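Step one of this worksheet: look at the structure below.
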Amino acid sequence: MARVVILGAGVAGHTAARHLHKMLGKSHEIVVVSPNAKWNWIPSNIWVGVGQMKEEQVTFDLAAIYSKTSIQFRQAKALSIHPEGSETNSKPFVSVEYTLPAKAGQKEDIAYDYLINATGPKLNFGATEGLGPDHGHTVSVCTASHAVEANHKLEKIIADLRKGEQRTIVIGTGHGMCTCQGAAFEYIYNVDHVLREAGVRDKARVIWISNEYELGDFGMGGVHIKRGGYVTNAKTFAESLMVERGIEWITRAHVKKVEAGKIHYETLEGTFHELAFDFSMLIPPFAGVGLKAFNKAGEDITAQIFAPNGFMKVDADYTPRAFEDWSAKDWPKRYQNPTFKSLFAIGIAFAPPHPISKVMKSPNDTQISPTPPRTGMPSASMAIAVSRSIRDMINGAPEPTHEASMAEMGAACVASTGASFFSGSAASMTVYPVVPDFEKYPEYGRDTSLTFGEIGLAGHWMKYTLHHLFIYQAQMKPGWSLLPD
Amino acid sequence: MSNKPLNKAPYQQAYYPPVPTGFTRYMRTSLIWQFFRFLVINVKMLRLMSKSTH
């Protein structure tokens, strides 16, 4: 009997757990380790952040779901990986510390035959002074509880606006090296939507600030789509949406510091500015969760397994190269660690070989360009490929049998721009492939017959349907495996 | 006080991007058209997923 340990129970980790359970049944052990008691459908947090949904509608208890299956669940955070075992333990193992209140602080070594690192990111609010809801002056929608707090503060702003006062709202990215611009993009339009519904939009100045070179970059170097007889960059559509809603924008910006009511930022030109605000939601940069690794002798081998940013090295080509020399082939396919073949990393946890958007630096050497997105649909695709590979390796295959390169897969994204069944809207987008391949598609790096985008009420219906579909699927209700991931 | 409308300032951020016409905005929330688009978007996404399957 083999044991597969999965670190993390987000989109990537939980998808891997579901599929491994379906493929392996009770003949092998599956252990999920997550510091969080609840699963969270993160794309709907933006609706919690504007009061359109409750926290309970976007989360559910993991233990209750896993208890109906043979999947074992440890509410704990992973501390270190020991891929060679130790002097007292011959098998590879992972050390964890319980976060479950009844066992808080207790440690356990969990032996594994295969380990999937799907820890997701550390929300690195500490990278920017004054950023974040815990020790800073901005709110967040990165977790459901953050989104609840964001909504409470937004409600106070709306109450002030109703009294006739003027307020400034700033939404975007809180550092020059952020990814996940899409979440902030959705949030700003949903805030705009609720302000209009409250009849106070004219009292609010709404400003977008991001590290993108141009609007619509989204960490993917932007996309080109066919529309109205032209092949047009997403910048055109993103700017159009902003102008239509009366939103101002600041791009090429690195937020250096946030004080109460004041954002300090540097631009790509190397100039420094201040922006006053009353309410601000800024996405933090991501980092690895800080896992350590040790060899059999107990020596620290973290740098061998993890990149300096804390993400795990996999079968990517990490040779440093100039943008002009980047290739789709640099991107990993099997997500297997090159040194320890029983280690895999999926979702945000794997170290990308390089960004997708061209790295840009200010004259002060400050990097102000997005890092690559690897959430949602790509995360699920990686999870399924790695699960199938592990199944086959348990059954005797000498190496991974399935691949899921981000340079060979597409991504669908439905970005809400207002939640309402009759008057809502969303931008529906597909991109193929996620990582541009200029050898296959020399003009734009992507297949323009599979890359498209449009805005409308249908997009809101899509997003609402997907919300219920993915939560049903994640709860492993009857027929879940027939639904698309 | 004069009611003469002010000239719209050129060379501002909001001066350049395309702005949807009334017809485009209507079509974005037209139930019949959007139901059709809902089907089209579903087909496009399923096509994308089939291409991405490994």
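The values are calculated or read from the model by the stated rules, or taken from the named source; none is laboratory data. This structure is a prediction, so every number in the text was calculated from the model and none was measured. So basically every Cβ, Gly included, is an ideal-geometry build from the backbone, and we count neighbours across all protein chains shown.
Out of the residues in the range A:462-485 that are without any contact (Cβ under 8 Å) to a residue 12 or more places away in the chain and in a loop (DSSP other than H, G, I, E, B), which is nearest to A:Met406 (Cα to Cα)?
A:Pro484
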Going residue by residue through the range A:108-119, is there one that turns out to be in a loop (DSSP other than H, G, I, E, B), closer than 30 Å to A:Ile171 by Cα and of a type outside the set (S, T, N, Q)?
yes
Which residue is farthest from the other protein chains (Cβ to nearest Cβ), if the candidates are limited to the range A:401-413 and must be free of Cβ contacts under 8 Å to residues at least 60 places away in the same chain and within 18 Å of the chain's Cα centre (by Cα)?
A:Ala411
Only residues that are of a type outside the set (A, V, I, L, M, F, W, C), without any contact (Cβ under 8 Å) to a residue 24 or more places away in the chain and part of a loop (DSSP other than H, G, I, E, B): list them for the range A:321-366, please.
A:Asp365
Scan the range A:437-456 and report the pairs whose first residue is more than 9 Å from chain B (Cβ to nearest Cβ) and whose second residue is charged (D, E, K, R) and not in a loop (DSSP other than H, G, I, E, B), with Cβ atoms within less than 6 Å and a gap of 6+ or a chain change.
A:Thr448/A:Lys226
In the range A:73-91, what residues are in a loop (DSSP other than H, G, I, E, B) and over 13 Å from A:Asn117 (Cβ atoms)?
A:Glu84, A:Gly85, A:Ser86, A:Glu87, A:Thr88, A:Asn89, A:Ser90, A:Lys91
Whichever residue in the range A:14-68 is outside any strand (DSSP E or B) and of a type in the set (Phe, Trp, Tyr) and, among such residues, is surrounded by the most Cβ atoms within 10 Å (Cβ to Cβ)
A:Trp47
Taking the range A:158-184, which residues are in contact with a Leu (Cβ under 9 Å, 6 or more places away or on another chain) and of a type in the set (A, V, I, L, M, F, W, C)?
A:Ile158, A:Leu161, A:Ile169, A:Val170, A:Ile171, A:Cys178, A:Ala184
Any residue in the range A:424-436 that is in contact with a Gly (Cβ under 7 Å, 6 or more places away or on another chain) and away from chain B (no Cβ under 12 Å)?
yes
Taking chain B as the search range and keeping residues that are closer than 28 Å to A:Phe422 by Cβ and not in a helix (DSSP H, G or I), which one is farthest from the other protein chains (Cβ to nearest Cβ)?
B:Thr21
When A:Ser405 is evaluated against the numbered criteria (1) closer than 25 Å to A:Ala328 by Cα; (2) modelled with pLDDT under 95; (3) out of contact with any Asp or Glu (no Cβ under 9 Å at 6 or more places or on another chain); (4) of a type in the set (Gly, Ala, Ser), which criterion, by number, is the only one it fails?
(2)
In the range A:242-263, the residues that are within 14 Å of chain B (Cβ to nearest Cβ) and either surrounded by fewer than 21 Cβ atoms within 10 Å (Cβ to Cβ) or outside any strand (DSSP E or B) (or both)
A:Met242, A:Val243, A:Glu244, A:Arg245, A:Gly246, A:Ile247, A:Glu248, A:Ile250, A:Thr251, A:Arg252
Working only within the range A:207-242, note down all residues that are touching a Gly at 6+ places or on another chain (Cβ under 7 Å) and within 23 Å of A:Gly49 (Cα to Cα).
A:Trp208, A:Ile209, A:Ser210, A:Asn211, A:Gly216, A:Phe218, A:Ala238
Is the range A:367-377 home to any residue that is of a type in the set (Gly, Ala, Ser), within 14 Å of another protein chain (Cβ to nearest Cβ), outside any strand (DSSP E or B) and on the phi > 0 side of the Ramachandran plot?
yes
